[in-house]
Every structure is written in C-alpha cells, then in structure tokens.
C-alpha cells in the first residue's frame, strides 16, 4: 500500500551527516535532526528540539542503543529518546517526533506527512 499523503523531501547529501552522529537541517521552517547510525547501518530523523528544556540540540546528542533500541541522548541533560518511536527512555513523560528516512542516489530524504 502506498501512502499518498507522504511527501519525501531531499534534505542533504549522505556525506553531510557524520558517521555515527547527527546534523541538523531546516525543513519547512522546522529543525530536523538527521542521524547516520553507521554501526547499525540505519538512518533516523527526529525533531531537533529537546522537550525537557526546549533547546534545539538533539542533532548534537550521542547516539547508541538501550536494550537493542536505537536512541539519542540530549547533550545537555542526558534525557534519552528512542530514534524509532520518539518515546523518552529515561523514565520521563517526554516524547519527540520521528520521521521516516531513506537514501537515494547519495541523498538523504525525509518524509513529511
């Protein structure tokens, strides 16, 4: 089944995002954090805003895993979020938006609904 409401937008080149790290892009006025999780062979995208202290910092957070779940940790206060679901893994009641990502011809595309 094809979701016709999804708009894939080209946001950057693959080489613009560091291996096992992240970077921020501006897409339709919103800061989106893109993560190249090289160790897992996966790409993720989330909002860049950490909901804990309302800071645009998640793209600079450390990525890793927690019980097999890919996560990002806020670089300031270490709140951790699932890169798949956006749920806070630190036991707090926070959540972040996540976006589908795909790679085509060396370009990173993010799906906006």
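Every read-out reported here was derived from the displayed coordinates using simple, explicitly stated rules and does not represent laboratory data. Predicted model only: the values in this text are computed from it and were never measured. Neighbour counts run over all protein chains shown; Cβ positions are idealised from the backbone, glycine included.
Counting only strands (runs of 3 or more DSSP E) wholly contained in region 1-45, the ones carrying 3 or more residues that are within 14 Å of the chain's Cα centre (by Cα) occupy 21-27, 30-37. Just checking, which of 100, 75 is surrounded by fewer than 16 Cβ atoms within 10 Å (Cβ to Cβ), closer than 24 Å to residue 26 by Cβ and free of Cβ contacts under 8 Å to residues at least 40 places away in the same chain? 75 is the lone residue from the list that is surrounded by fewer than 16 Cβ atoms within 10 Å (Cβ to Cβ), closer than 24 Å to residue 26 by Cβ and free of Cβ contacts under 8 Å to residues at least 40 places away in the same chain. Residue count for region 94-113 satisfying the condition of being assigned to a strand (DSSP E or B) and within 16 Å of residue 34 (Cα to Cα): 12. Scanning region 20-45 for residues that are in contact with a strand residue (DSSP E or B) (Cβ under 9 Å, 6 or more places away or on another chain) and over 17 Å from residue 71 (Cβ atoms) gives 23, 24, 25, 26, 27, 28, 30, 31, 32. Could you list, in sequence order, all residues of region 38-64 that are without any contact (Cβ under 8 Å) to a residue 24 or more places away in the chain and surrounded by 14 or more Cβ atoms within 10 Å (Cβ to Cβ)? Selection gives 38, 55, 57, 62, 64.
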